[in-house]
Amino acid sequence: NAGVIQTPRHKVTGKGQEATLWCEPISGHSAVFWYRQTIVQGLEFLTYFRNQAPIDDSGMPKERFSAQMPNQSHSTLKIQSTQPQDSAVYLCASSPWDWGGAAETLYFGSGTRLTVL
Amino acid sequence: AQRVTQVQPTGSSQWGEEVTLDCSYETSEYFYRIFWYRQLFSGEMVFLIYQPSFDTQNQRSGRYSVVFQKSFKSISLVISASQPEDSGTYFCALSELYNVLYFGSGTKLTVEP
């Protein structure tokens with residue numbers, strides 16, 4: 001079991017460029033989450049998919065940020081016209097889904113460190 | 001509004017000591033869960049233990065346990081026999097609906113050999 005895989009580990013972009021971050025969830029996990037971590041804001045929830053459908057994007061900045069999950073094996077987070085304040089570690093997590101309410105822990109990847117110059 | 005608060009930005013202990021990390025939270029839901037994660041230096045978040053709101057019994061998992069004070073909306077993580085390998089940042093997280101976790105600001109723990 002390879003765990004959640006995030007690529008690239010590090011990405012440096014110039015201001016105004018586009019950045020695409022990739023996440024491969026654990027096989028069989030039906031829920032995928034994106035978080036952003038900064039020193040100032042800590043860990044912020046961005047968005048979440050279940051069975052590839054977007055469920056909650058309440059944490060996503062309304063402009064420039066978008067996320068997709070075109071198939072069960074990967075999700076992408078795209079940031080258009082990147083700004084220095086977008087610099088952060090972006091964490092992806094996956095979990096199985098159980099309507100019974102058992103402890104569905106999130107399994108996190110190691111994150112992508114985005115630096116916008 | 002901050003849903004989860006960890007007032008200790010840092011903590012320390014000596015090898016073999018018991019460590020307690022505190023967390024408080026805000027929720028109006030009847031059913032919720034509190035999770036504890038540790039962030040490794042690589043950035044990876046590792047699940048440690050969780051407490052469901054409906055269970056009055058404090059959960060235990062290996063050297064980790066929690067002290068759940070539901071009426072005060074507080075929960076503490078207790079690490080017994082701490083080791084230098086336990087050093088890292090510990091996050092408390094609240095899950096109300098679905099599986100979305102709302103994290104506290106973390107407590108950076110250093111265990112001295």
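Side notes on the structure shown:
- Separation between Cα centres of the range B:49-113 and the range B:27-48, rounded to whole Å: 7 Å
- For residue A:74, solvent-accessible area (1.4 Å; no DNA, RNA or ligand), Å²: 40 Å²
- Per residue, the convex hull volume that the Cα atoms of the range B:4-103 enclose (Å³): 97 Å³
- Debye intensity ratio in log₁₀ form over the Cα atoms of chain A, taken at each q of 0.10, 0.12, 0.17, 0.18 Å⁻¹: -0.27, -0.39, -0.78, -0.87
- The range A:70-81 - phi-based ³J(HN,Hα) in whole Hz, Karplus 6.51/-1.76/1.60, Gly and Pro as x: x, 8, 5, 9, 7, 10, 10, 10, 10, 10, 8, 6
- With at most 13 neighbouring Cβ atoms within 10 Å, loop chymotrypsin sites (Phe, Trp or Tyr not before Pro) (DSSP) excluded, longest segment of chain B: B:55-113
- Qualifying trypsin sites (Lys or Arg not before Pro) in the range A:26-80, DSSP loop, other Cβ atoms within 10 Å at most 13: A:62
- Rg of the Cα atoms in the protein assembly as shown, relative to 2.2 N^0.38 Å, amounts to 1.02.
- In loop segments of the range A:43-100 as defined by DSSP, the chymotrypsin sites (Phe, Trp or Tyr not before Pro) with at most 10 further C-beta atoms inside 10 Å of their C-beta are A:99.
The values are calculated or read from the model by the stated rules, or taken from the named source; none is laboratory data. What you see is a predicted model; the values in this text were computed from it and never measured. All Cβ positions, even for glycine, are placed from backbone atoms using ideal geometry, and neighbour counts span all protein chains on display. With ligands, DNA and RNA removed, areas are computed over all heavy atoms of the protein, side chains included. Shrake-Rupley method; radii C 1.70, N 1.55, O 1.52, S 1.80 Å.
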